[in-house]
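Notes for the one structure printed next.
Please treat every number below as a calculation from the coordinates, not as lab data. Computed from a prediction, not measured in an experiment: that's the story for all the values here. As a convention, Cβ positions derive from the backbone with ideal geometry for all residues, glycine included, and neighbour counts pool all protein chains shown.
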Amino acid sequence: MRPQIHGTTILGIRRDGCAVIGGDGQLSLEDTIIKSKGRKVRKLFGGTVLAGYAGGAADALALLEVFETKLKEFNGDLKRSVVELAKEWRLDRSLRRLEADMMVMDAKDLFLVTGLGEIIEPDDDVIALGSGGAYALSAARALMKFTNLSAREIVQAALEIASEICVYTNAHISIEELKNGK
């Protein structure tokens, strides 16, 4: 069992034809803030897939590289790419040592992929990861249920709320968005 990843918060939401992923900018090494304006969300595969990561930066970037290879191999099929990544992650000795988790989404699917080989597809089109993930997830679910805010506005607000609670999360927020699959 791996320890919980500290140092980031990533939140993904799909709502009204939009897929949005956001993350804070704090990069920490143990109890020290190394950088406050990091970018932990990306567009992949020609801008049709969104990804965000938590964990060691080098490990996460290595993982994103493997995932991009899977996307190319399976012609952008997100579900198949995620399953194949999880299999390889569990079986490959060097990948198993990577201390990172990632969230990926496109216009129709949303997944959390962990280093333990878990693939989680949320029931309600909202998922979060990282040390502030529970705070962002709670805020996002409430905002989705009780407001008419857009997916982007919910991601922004929920991450701001998480940054006020979690010491490993800051308010420098990066957001990527797909509107109607683009």
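Structure above, values below:
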read-out	value
Sorted by Cβ neighbour density within 10 Å, fewest at the top, the residues ILE34, ILE119, ILE21, ILE161	ILE34, ILE119, ILE161, ILE21
Charge dipole (the stretch 9-168, unit charges on Cβ, about Cα centre) - positive-most of TYR53, GLY133, THR9	TYR53
Relative contact order %, the chain, counting alpha carbon pairs below 8 Å whose residues are six or more apart	34 percent
Lysine pair number, Cα distance threshold 16 Å (strictly under), the stretch 9-168, separation 8 or more or different chains	7
Residues ASP106, ASP124, ASP59, ASP16 arranged by fewest to most Cβ contacts within 10 Å	ASP16, ASP124, ASP59, ASP106
Label assignment, mean projected area of the Cα convex hull in nm² derived from the structure, set (1) 10.3; (2) 11.7; (3) 9.4	(3)
Sum of -39500 (n - 2.57) over DSSP H runs of 4+, divided by residues of the chain (222 nm, nearest 500)	-11000 deg cm²/dmol
Net charge dipole size for the chain [Lys, Arg +1 and Asp, Glu -1 on Cβ; Debye, nearest 20]	300 debye
Extension gain (nm, one decimal) between GLU121 and SER150, 0.36 nm per residue minus Cα-Cα	8.3 nm
Relative exposure of MET103, MET144, judged by other C-beta atoms within 10 Å (fewest first)	MET144, MET103
Axial C-alpha extent at least 27 Å, average Kyte-Doolittle at least 0.5 - helices from the chain (DSSP)	none
Projected label distance in nm at ASP16 and PHE74, using a 7 Å step from Cα toward the beta-carbon	3.1 nm
